[in-house]
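Enquirer: Here it is: the structure, laid out below.
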Amino acid sequence: MLTEYVTLHLLNNIAVLSVSVRNGIVFVGQTLPPYLVAASMLLVFILRSESAREKLVWMIEALGAAIIARFGIAELIRLFYYRARPFEAHHEIMQLIVARSGNGFPSGHMAFLFAFAVVMWHYHRRTGWCLIAAVALVGVSRIAAGVHYPSDIIGGVVVGMVVGYTMRRLTSKLTSGRFSGTLPQ
């Protein structure tokens, strides 16, 4: 817990260095996520050569995994485990991003974005790796912004990865053979 607080405090203090650093943290932690989702979907849509129907399946799969991770699993965990956000628990932590008060574990942003990234990674590795790197930066910026502890971010990443992987496996079993012209074995 001490290491977590030290990491939080260090990152949050970096935000105080200049207005430009603060603006960068706010941009990456709050403004960038929806653009990451849209841009990665567009890239994979353009780069993959499947039929429109196949592309629709993976888009639904990626967004479905993200929605289930954020609004299903993350919220279910929040019903049983409560931890106040850093800016509420420690008055010396500066809140840079508008976030609702209350439970911050697990990070809903990370659950959504990592579930989405895991599915995207399956469909286009290069775009997936870039998305994972960008999402990791979002996580660090949300710690620096004072709205999450590092373990909130890690918890969201784990939820997102598990849901993304599970959704990929389920979709794979449900659609095996449907698009290739072969019947499932």
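The values are calculated or read from the model by the stated rules, or taken from the named source; none is laboratory data. Quantities reported herein were computed from a predicted structural model and do not represent experimental measurements. Ideal geometry is used to build each Cβ from the backbone, glycine not excepted, and the neighbour counts take in all protein chains shown.
Enquirer: Within the group 43, 63, 10, 56, which residue is in contact (Cβ under 8 Å) with a residue 40 or more places away in the chain, out of contact with any Phe, Trp or Tyr (no Cβ under 8 Å at 6 or more places or on another chain) and either under 15 Å from residue 143 (Cα atoms) or assigned to a helix (DSSP H, G or I) (or both)?
Expert: It is 43.
Enquirer: Among 126, 169, which is more than 17 Å from residue 77 (Cβ to Cβ), touching a helix residue (DSSP H, G or I) at 6+ places or on another chain (Cβ under 9 Å) and modelled with pLDDT under 95?
Expert: The unique qualifying residue is 126.
Enquirer: Starting from segment 16-35, keep only residues that are touching a residue at least 60 places away in the same chain (Cβ under 8 Å) and surrounded by 14 or more Cβ atoms within 10 Å (Cβ to Cβ), then list their pairs with residues that are among the polar types (S, T, N, Q) and part of a helix (DSSP H, G or I) whose Cβ atoms are within a distance under 6 Å, requiring at least 6 positions of separation or different chains.
Expert: 25/141; 28/141; 29/141
Enquirer: Out of 111, 99, I need the residue that is part of a loop (DSSP other than H, G, I, E, B), at negative phi, hydrophobic (A, V, I, L, M, F, W, C) and surrounded by 20 or more Cβ atoms within 10 Å (Cβ to Cβ). Which one?
Expert: After ruling out the rest, the residue left standing is 99.
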